[in-house]
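Undergrad: Just dropping this structure here.
The values are calculated or read from the model by the stated rules, or taken from the named source; none is laboratory data. Quantities reported herein were computed from a predicted structural model and do not represent experimental measurements. Cβ atoms come from the backbone with ideal geometry, glycine included; neighbour counts cover every protein chain shown.
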Amino acid sequence: MALSDRRAVAALAAALVAATSCALLASAGPLGGAEFPVDDAWIHQVYARSLLRDGSLSYNPGRPEAGFSSLLWVLASLPAQFAARGGFPIALGAKLTSAAWAAGAAAGLGRLALVLGATRAGALEIGRAHV
């Protein structure tokens with residue numbers, strides 16, 4: 001596959017991810033911390049904050065436990081917690097982290113499709129379906 005074909009695939013994947021991310025952020029309304037849902041997403045953020053703060057997985061400080069549904073989600077939440085330490089709104093950090101993970105996954109799937117011999121159009125469909 002030519003380098004220009006790869007660049008075209010990467011550019012289109014990036015444009016699709018950017019458009020999807022912008023639409024999701026725009027539809028989310030105000031991005032302050034009060035709008036962050038109190039469900040598994042919040043629970044994983046609490047565990048990620050605990051992991052950064054004192055190096056343990058705990059919902060209540062000083063009481064290590066495993067009340068989260070997925071360690072991978074806790075680890076995926078760490079970038080938002082790093083940003084929050086610098087004063088970045090946690091809800092916006094979580095949404096941007098989510099968009100970054102989605103972009104990485106779409107790019108990785110498209111790249112894998114190309115490596116496995118898919119056509120450029122097939123690789124784009126795989127990346128687009130993931131986003």
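Undergrad: Would you pick out the residues in segment 71-90 that are surrounded by 18 or more Cβ atoms within 10 Å (Cβ to Cβ) and within 10 Å of the chain's Cα centre (by Cα)?
TA: SER77, ALA80
Undergrad: Mind telling me which of the residues GLY67, GLY117, GLY108 ends up being at pLDDT below 85, in a helix (DSSP H, G or I) and not acidic (Asp, Glu)? Working first, answer last.
TA: Details: GLY67 fails: in a helix (DSSP H, G or I); GLY117 fails: in a helix (DSSP H, G or I).
Sole residue among the options that is at pLDDT below 85, in a helix (DSSP H, G or I) and not acidic (Asp, Glu): GLY108.
Undergrad: Okay, moving on. So for segment 91-100 (the condition being surrounded by 17 or more Cβ atoms within 10 Å (Cβ to Cβ) and touching a Lys or Arg at 6+ places or on another chain (Cβ under 9 Å)), does at least one residue qualify?
TA: So far as segment 91-100 goes, no, none of its residues is surrounded by 17 or more Cβ atoms within 10 Å (Cβ to Cβ) and touching a Lys or Arg at 6+ places or on another chain (Cβ under 9 Å).
Undergrad: Cβ-Cβ distance below 6 Å, separation of 6 or more or different chains: which pairs start in segment 103-116 with a residue that is touching a residue at least 40 places away in the same chain (Cβ under 8 Å) and end on one that is of a type in the set (Gly, Ala, Ser)?
TA: Correct list of pairs: ALA106/ALA13; ALA106/GLY127; ALA107/ALA13; GLY110/ALA13; GLY110/ALA123; GLY110/GLY127; LEU114/ALA123.
Undergrad: Return the total of residues in segment 18-47 being at pLDDT below 60, over 16 Å from LEU96 (Cα atoms) and aromatic (Phe, Trp, Tyr).
TA: Residues meeting the conditions: 0.
Undergrad: Related question: Out of SER77, SER56, SER50, report the one residue that is touching a His at 6+ places or on another chain (Cβ under 7 Å) and modelled with pLDDT of 85 or more. Before you say what the answer is, go through the steps one by one.
TA: Details: SER56 fails: touching a His at 6+ places or on another chain (Cβ under 7 Å); SER50 fails: touching a His at 6+ places or on another chain (Cβ under 7 Å).
On inspection, the qualifying residue turns out to be SER77.
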